[in-house]
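**Q** Structure provided below as structure tokens; questions to follow.
The values are calculated or read from the model by the stated rules, or taken from the named source; none is laboratory data. Please read all numbers here as calculations on a predicted model, not as lab measurements. Note: areas computed on protein heavy atoms with side chains; ligands, DNA, RNA excluded. Shrake-Rupley method; radii C 1.70, N 1.55, O 1.52, S 1.80 Å.
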Amino acid sequence: MSLVTRHFWENGINGMNDIKRIPVALIAALMVQTVSGLIWAGGAAARIATLEARVGEQRLVAERLARLEEQSLATRRAVERIERVLVASGEWRVTSASGEEQADGL
């Protein structure tokens with residue numbers, strides 16, 4: 001049995017005063033819950049905005065990293081081409097068992 005039902009059961013209905021208290025209390029409870037919900041939603045929106053900003057920054061960093069990786073691969077290919085030309089021209093020779101190459105006269 002709810003508190004309201006118990007109150008009416010034990011005390012009877014005292015005119016319009018008891019009936020008026022119920023809607024006022026119900027409206028007050030709904031108002032408090034609505035305000036609390038709006039505050040929670042505002043906090044959630046702020047957290048989401050922060051996360052979206054972080055994701056945007058990470059996307060930029062990922063793009064820069066991809067560009068740097070491509071540039072390093074291009075540099076590696078250029079160095080390998082230069083080494084092949086130097087080896088073919090006889091300016092490079094293997095000097096150790098580990099396969100390290102050194103330039104003659106450079």
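**Q** Taking 0.36 nm per residue of separation and subtracting the Cα-Cα distance, what length does fully extending ARG54 through GLU83 add?
**A** 6.1 nm
**Q** Mind checking the full-extension length gain between ALA25 and LEU65? Use 0.36 nm per residue of separation minus the Cα-Cα distance, one decimal, nm.
**A** Roughly 8.4 nm would be gained on extension.
**Q** Also, quick follow-up: Keeping the other protein chains in place, figure out the carbon and sulfur percent of the accessible area of the range 29-89, with a 1.4 Å probe.
**A** Result for the range 29-89: 65 percent of the exposed heavy-atom area is carbon or sulfur.
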